[in-house]
Amino acid sequence: MTTALDRYADMKPRWDYPVVIESHINGIRTKEMNPNTPISYEEIAEDAIRCWEAGAGAIHAHNSSFDLLGEDAYKDYMRTWDSVLAKYPDITWYPTTCNNLRLTGHEHGLEHVPFLSSGANVKIACVDTGLTLFATDVDEEGYLSGPEFGFNYRRIASQMKMLRERAMPMVFGVYEPGHLRHAMHYVNRGLSTPGSMWDFYLIGDYGLTALEPIGTNGMKPSLESLYYYLWMIEEAKVKHPWYISIWGQGALDDTHILRRAIELGGHIKTGLELFYDPDRNPTNLELLQQAQDIAREVGRPIATQQEAKALYKIA
């Protein structure tokens with residue numbers, strides 16, 4: 001019997017839009033992980049400008065501390081983005097969430113977004129629809145440790161209400177298949193916003209932030225994982241664009257996955273927030289150019305920044 005995975009494996013290249021390639025430039029990576037990781041306000045600004053000038057469809061960046069909330073997080077972001085916006089006031093960029101472990105009461109983790117929307121040209125926001133364990137260490141007996149990240153139903157509902165009020169596109173971070181099912185609940189009830197997008201996390205042996213190959217969460221980087229997610233979103237009553245982001249791949253050659261995603265009409269998120277291999281230290285620009293080169297080999301046009309804005313419905 002032919003399965004959905006067989007169907008996608010046999011599918012001929014097809015797309016109806018140029019490929020958008022984003023640069024996710026820092027995350028919570030460190031110089032220990034890759035000396036090219038931008039850490040200071042100036043380094044983050046320089047890399048954002050460098051990747052924008054090289055054709056990135058959008059820039060995603062963290063501020064200097066994941067622990068800052070609300071207006072404090074906004075002010076910290078602006079220590080980078082004042083200089084970027086002075087040069088490119090129309091740049092497409094969006095921030096991360098805040099540390100869920102710092103939240104109290106009715107806080108939901110996106111309180112900084114309205115400030116950035118009003119003062120920093122932010123028109124897109126992340127919505128991570130679930131809870132995830134980040135393995136970061138293993139003791140001598142083999143027991144794992146690491147933080148817990150994500151948001152509960154109440155906080156996600158509050159995030160979505162806020163973004164709906166502002167008509168801001170939502171980036172659904174799909175760390176696990178269950179995250180997609182959670183987001184699908186809202187998409188199929190007409191509660192997502194125009195320009196929203198799926199971001200399929202394909203997570204390698206180094207997980208999301210580990211220095212050792214101890215990753216335990218998410219679907220592994222493979223064509224089968226990609227096809228499974230594509231089968232899942234066939235149920236969506238609202239058709240949003242989809243992206244892939246490949247995390248912590250180590251020595252895995254992921255170019256065949258990037259190529260297949262581009263062939264099948266998907267879009268690409270790349271950059272040092274995602275990439276980790278202890279034996280390689282690329283720059284954000286090199287990772288962006290690698291994805292651009294693959295798109296050219298496939299023969300699919302690369303979206304201009306204006307075409308990217310149109311896909312996000314923020315043109």
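Which of the residues spanning region 211-231 are open to solvent by less than 30 Å² (accessible area, probe 1.4 Å) and charged (D, E, K, R)? Those that are open to solvent by less than 30 Å² (accessible area, probe 1.4 Å) and charged (D, E, K, R): none in region 211-231.
Under the condition of being among the β-branched types (Val, Ile, Thr) and open to solvent by 50 Å² or more (accessible area, probe 1.4 Å), which residue from region 122-181 is nearest to residue 84 (Cα to Cα)?
Of everything passing the filter in region 122-181, 136 is nearest to residue 84 (Cα to Cα).
Entry remark, region 241-259: residues being open to solvent by less than 40 Å² (accessible area, probe 1.4 Å), without any contact (Cβ under 8 Å) to a residue 60 or more places away in the chain and touching a strand residue (DSSP E or B) at 6+ places or on another chain (Cβ under 9 Å) number 9 in total. If you go through region 55-86 and keep only what is out of contact with any strand residue (DSSP E or B) (no Cβ under 8 Å at 6 or more places or on another chain) and of a type in the set (Gly, Ala, Ser), you end up with 64, 65, 70, 73, 83, 86.
Answer yes or no as to whether residue 313 is open to solvent by 10 Å² or more (accessible area, probe 1.4 Å), modelled with pLDDT of 95 or more and within 18 Å of the chain's Cα centre (by Cα).
Yes: the conditions hold for residue 313.
Cβ separations smaller than 6 Å between residues 6+ apart or across chains give the following pairs from region 1-20 residues that are touching a residue at least 12 places away in the same chain (Cβ under 8 Å) to residues that are aromatic (Phe, Trp, Tyr) and outside any loop (DSSP other than H, G, I, E, B): 4/231; 5/227; 8/227.
Looking across region 182-210, the residues that are under 30 Å from residue 279 (Cβ atoms) and either crowded, with 21+ Cβ neighbours inside 10 Å or among the β-branched types (Val, Ile, Thr) (or both) come down to 199, 200, 201, 202, 203, 204, 206, 207, 208, 209, 210.
Only residues that are within 21 Å of the chain's Cα centre (by Cα) and closer than 17 Å to residue 25 by Cβ were counted across region 79-122, and they come to 14. State whether the residues of region 64-73 include one that is open to solvent by less than 60 Å² (accessible area, probe 1.4 Å), without any contact (Cβ under 8 Å) to a residue 12 or more places away in the chain, over 17 Å from residue 171 (Cβ atoms) and not β-branched (Val, Ile, Thr). Within region 64-73, one or more residues are open to solvent by less than 60 Å² (accessible area, probe 1.4 Å), without any contact (Cβ under 8 Å) to a residue 12 or more places away in the chain, over 17 Å from residue 171 (Cβ atoms) and not β-branched (Val, Ile, Thr).
As for region 8-20, it holds at least one residue that is open to solvent by less than 20 Å² (accessible area, probe 1.4 Å) and under 19 Å from the mean Cα position of the chain (by Cα).
Inside region 28-57, residues that are touching a Pro at 6+ places or on another chain (Cβ under 7 Å) and under 18 Å from residue 68 (Cβ atoms) make up a count of 1.
The values are calculated or read from the model by the stated rules, or taken from the named source; none is laboratory data. Just so you know, these numbers come straight off a predicted model, no measurement behind them. Ideal geometry is used to build each Cβ from the backbone, glycine not excepted, and the neighbour counts take in all protein chains shown. The protein model used for the area step is the full one, side chains on, heavy atoms only, and it has no ligands, DNA or RNA in it. Shrake-Rupley method; radii C 1.70, N 1.55, O 1.52, S 1.80 Å.
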